[in-house]
Amino acid sequence: MDRFRTAAWVALSFLLPLLAAGPASASVPQPTASLTYGSVTSVRPGDTLSVDAEQGEARYGDTMRSSVFLATGKLRMMDPLLTTTVTIACGAGPGTYPVLRRGAGDVGPEEHPFRWARVRVEPADEAARRGCCDKVKKLPRRDPEERWAPDTTWPQSEWDVRTFRAGHRITITDNDDEGSDGDISLTSPAFTGRPVLRGAKAVLTATATLTCDAAPGLYVVHRHEVGQTGPDKPWARLRLVGAGRGEACSTEQAAAHSFGSSRLGGAARAVGGALLAVAAGALFLRARSRRGDSA
């Protein structure tokens with residue numbers, strides 16, 4: 001029975017830290033409602049809304065604005081939706097107000113603003129407005145990280161943060177610099193070297209090896225162009241995690257594997273489920289054995 005007891009303890013020791021950690025965003029207040037295309041949503045001053053658009057209803061980078069919003073919201077990718085968050089101003093008076101969508105990169109005045117949705121602001125007394133002022137002062141800075149589909153190349157944007165393991169080799173793809181073969185190099189504390197983007201067609205690629213020495217966390221990738229003046233600009237971000245248990249981290253791994261954040265999460269859930277099954281089976285056999293010994 002020792003082998004079953006050992007398997008149970010291994011499973012529990014792996015899962016308990018994950019359960020104790022909980023969701024990373026647990027401390028961030030969640031939006032009170034979702035504003036969707038063509039909807040009319042009732043709100044109160046100080047409410048925070050998520051604006052959620054499906055593909056075809058808006059485009060990445062479009063902005064959502066209204067005279068009752070504290071600030072304009074910019075749509076970011078949270079696969080499968082485009083989303084942003086907005087807060088209703090404390091001074092917003094009762095009434096129904098349009099929410100206008102503006103295309104990414106549009107400049108100049110709009111002759112015919114696109115009315116995407118509406119918000120209906122409910123009446124609020126003075127006490128509620130004072131409470132609203134205290135509430136909006138404490139609003140946390142929201143994380144701009146984006147979640148793109150796992151089958152897309154990385155990075156899709158500056159904030160397309162995906163998770164990779166230390167020591168692995170990853171492929172970096174650039175879809176926006178056609179004709180710049182060999183002109184762009186990338187640097188990051190997470191890289192062992194300085195990969196160069198290459199390609200004869202519209203898509204440039206590079207292979208980077210992730211260092212074993214960097215601590216787990218979020219890392220910025222900077223780009224440098226041949227002949228540029230001034231400092232290198234942030235171009236991408238990635239999250240680095242340590243090598244798996246029992247896996248020696250080696251920057252010479254030839255058969256490297258990269259994991260997008262969603263893939264890594266799915267793998268963790270699958271392993272967790274398997275370990276739970278092992279633990280449950282071990283405990284069942286142990287109990288059965290005890291019943292057999294007592295018979």
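The values are calculated or read from the model by the stated rules, or taken from the named source; none is laboratory data. These figures come from a predicted structure and were not determined experimentally. Neighbour counts run over all protein chains shown; Cβ positions are idealised from the backbone, glycine included. Calculation scope for accessible area: heavy atoms of the full protein, side chains included, ligands and nucleic acids excluded. Shrake-Rupley method; radii C 1.70, N 1.55, O 1.52, S 1.80 Å.
Of all positions in the stretch 173-187, at least one carries a residue that is surrounded by 13 or more Cβ atoms within 10 Å (Cβ to Cβ), touching a Phe, Trp or Tyr at 6+ places or on another chain (Cβ under 8 Å) and under 22 Å from E146 (Cα atoms). Looking at the stretch 115-122, is at least one residue of a type in the set (F, W, Y), in a strand (DSSP E or B) and in contact with a Ser or Thr (Cβ under 8 Å, 6 or more places away or on another chain)? No, the stretch 115-122 contains no residue that is of a type in the set (F, W, Y), in a strand (DSSP E or B) and in contact with a Ser or Thr (Cβ under 8 Å, 6 or more places away or on another chain).
Checking each residue in the stretch 163-189 for being more than 12 Å from W235 (Cα to Cα) and touching a residue at least 60 places away in the same chain (Cβ under 8 Å) picks out T163, F164, R165, A166, G167, H168, R169, I170, T171. For the stretch 146-156, give me the residue count where each residue is crowded, with 16+ Cβ neighbours inside 10 Å and of a type outside the set (F, W, Y). Qualifying residue count for the region: 5. All of G108, G91 fail the test of being open to solvent by less than 80 Å² (accessible area, probe 1.4 Å) and at positive phi, apart from G108.
Quick one: in the stretch 123-157, which of the residues that are among the β-branched types (V, I, T) and assigned to a loop (DSSP other than H, G, I, E, B) is farthest from Q55 (Cα to Cα)? Applying the filter and picking the extreme gives T153.
Okay, residues lined up against (1) at pLDDT 95 or above; (2) out of contact with any strand residue (DSSP E or B) (no Cβ under 7 Å at 6 or more places or on another chain); (3) within 17 Å of E158 (Cα to Cα):
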site: T171; (1), (2), (3): yes, no, yes
site: S180; (1), (2), (3): no, no, no
site: A190; (1), (2), (3): yes, no, yes
site: K201; (1), (2), (3): no, yes, no
site: V221; (1), (2), (3): yes, no, yes
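Would a scan of the stretch 158-168 turn up a residue that is in a strand (DSSP E or B), closer than 26 Å to L210 by Cα and among the aliphatic types (A, V, I, L, M)? Within the stretch 158-168 (the criterion being in a strand (DSSP E or B), closer than 26 Å to L210 by Cα and among the aliphatic types (A, V, I, L, M)), the answer is no, since none of the residues qualifies.
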